[in-house]
Amino acid sequence: MVYIVMGVSGCGKTTIGKMLATHLNVPFFDADDFHPPSNIKKMRNGKPLNDDDRKPWLKKLSELISEWNKNSGAVLACSALKKQYRNELEKSENKGNNQITFIYLKGSKELIYNRLKNRDDHYMPPELLDSQFRDLEEPDDSITVKIEERPESILGEILKNLS
């Protein structure tokens with residue numbers, strides 16, 4: 001099983017994802033690490049990615065998810081903003097569907113914007129947050145957790161929903 005911790009940039013995907021991976025004793029991966037350099041450059045320059053920019057990235061992630069499912073599973077931090085992106089991640093080249101549980105970290109634009117402003121060393125500027133919220137299609141088939149609480153409480157809520 002692969003658990004995808006999803007949401008807009010700054011919602012806590014990496015923090016929560018690492019905690020969940022440690023608890024489940026599976027590897028953690030950050031989807032941002034698999035973006036091609038052209039996507040990173042575009043975001044650094046304050047330009048939002050479009051569907052065409054994301055296609056090769058989503059294909060690569062889908063292939064990796066298939067591999068992780070064959071092994072011990074994994075936790076992946078990935079924005080997965082649109083339903084079509086989540087569908088692409090679920091596709092497997094060899095077996096039909098990847099085994100995935102989506103965990104959506106939900107928060108207000110104001111809370112997340114303040115987190116992004118205080119974050120160092122990330123290529124996505126806070127100004128792109130509007131485009132992420134505009135693209136976000138909230139999932140109705142996921143574990144949804146509000147992010148106002150401390151990370152330990154958020155993890156507890158996720159684990160409660162997984163059991």
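The values are calculated or read from the model by the stated rules, or taken from the named source; none is laboratory data. No experiment lies behind these values; they were computed from the predicted model shown. Note: ideal-geometry Cβ built from the backbone for every residue, glycine included; neighbour counts use all protein chains shown.
Please go through (1) more than 15 Å from THR14 (Cα to Cα); (2) of a type outside the set (Gly, Ala, Ser); (3) part of a helix (DSSP H, G or I); (4) at pLDDT 95 or above for ILE154 and return the number of the only condition it doesn't satisfy.
Among (1) more than 15 Å from THR14 (Cα to Cα); (2) of a type outside the set (Gly, Ala, Ser); (3) part of a helix (DSSP H, G or I); (4) at pLDDT 95 or above, ILE154 violates only (1).
Just to verify a result, which residue in region 130-163, among those that are aliphatic (A, V, I, L, M) and touching a Lys or Arg at 6+ places or on another chain (Cβ under 9 Å), is surrounded by the fewest Cβ atoms within 10 Å (Cβ to Cβ)?
Initial filter on region 130-163 (aliphatic (A, V, I, L, M)): 136, 143, 145, 147, 154-155, 158-159, 162.
Then drop every residue that is not touching a Lys or Arg at 6+ places or on another chain (Cβ under 9 Å), which leaves 136, 145, 147, 154.
Numbers: LEU136: 17, VAL145: 25, ILE147: 23, ILE154: 22.
For region 130-163, the residue satisfying everything is LEU136.
When only residues in region 94-125 that are surrounded by 18 or more Cβ atoms within 10 Å (Cβ to Cβ) and modelled with pLDDT under 75 count, which is farthest from ASN50 (Cα to Cα)?
Only one residue fits best here, namely ASN98.
Restricting region 1-34 to residues that are charged (D, E, K, R) and more than 9 Å from VAL75 (Cα to Cα), which is nearest to the chain's Cα centre (by Cα)? Walk me through how you get there before you give the answer.
So the first thing to find is which residues in region 1-34 are charged (D, E, K, R), and the list is 13, 18, 30, 32-33.
With the extra rule that they be more than 9 Å from VAL75 (Cα to Cα), the set shrinks to 13, 32-33.
Numbers: LYS13: 6, ASP32: 9, ASP33: 12 Å.
For region 1-34, the residue satisfying everything is LYS13.
Please determine, by comparing only the residues of region 8-59 that are touching a Pro at 6+ places or on another chain (Cβ under 7 Å) and either modelled with pLDDT under 90 or among the polar types (S, T, N, Q) (or both), which one is farthest from PHE133 (Cα to Cα).
This residue is PRO36.
When you go through LYS42, LYS109 one by one, which is the residue that is within 24 Å of THR144 (Cβ to Cβ) and over 16 Å from the mean Cα position of the chain (by Cα)?
On the way: LYS42 fails: within 24 Å of THR144 (Cβ to Cβ).
From the options LYS42, LYS109, the qualifying one is LYS109.
Name the single residue that is surrounded by the most Cβ atoms within 10 Å (Cβ to Cβ) among those in region 45-64 being aliphatic (A, V, I, L, M) and within 13 Å of the chain's Cα centre (by Cα). Can you show your working first?
Start the filter on region 45-64 by keeping residues that are aliphatic (A, V, I, L, M), which leaves 49, 58, 61, 64.
Cutting the leftovers down to within 13 Å of the chain's Cα centre (by Cα) gives us 58, 61.
Values: LEU58: 21, LEU61: 24.
The residue in question is LEU61.
Report, by residue number, each residue of region 126-151 that is out of contact with any Phe, Trp or Tyr (no Cβ under 8 Å at 6 or more places or on another chain), at pLDDT 85 or above and either among the charged types (D, E, K, R) or in a loop (DSSP other than H, G, I, E, B) (or both).
Across region 126-151, the qualifying residues are ARG134, ASP135, LEU136, GLU137, ASP140, LYS146, ILE147, GLU148, GLU149, ARG150.
Output yes when any residue across region 16-38 is closer than 25 Å to TYR113 by Cα, of a type in the set (Val, Ile, Thr) and out of contact with any strand residue (DSSP E or B) (no Cβ under 9 Å at 6 or more places or on another chain), and no when none is.
No: region 16-38 contains no residue that is closer than 25 Å to TYR113 by Cα, of a type in the set (Val, Ile, Thr) and out of contact with any strand residue (DSSP E or B) (no Cβ under 9 Å at 6 or more places or on another chain).
Which one is surrounded by the fewest Cβ atoms within 10 Å (Cβ to Cβ), of the residues in region 18-31 that are without any contact (Cβ under 8 Å) to a residue 60 or more places away in the chain and in a helix (DSSP H, G or I)?
To start, the set of residues in region 18-31 that are without any contact (Cβ under 8 Å) to a residue 60 or more places away in the chain comprises 18, 21-22, 24-31.
Imposing the further condition that a residue be in a helix (DSSP H, G or I) reduces the set to 18, 21-22, 24, 31.
Working: LYS18: 16, ALA21: 20, THR22: 12, LEU24: 17, ALA31: 23.
Per the criteria, the residue is THR22.
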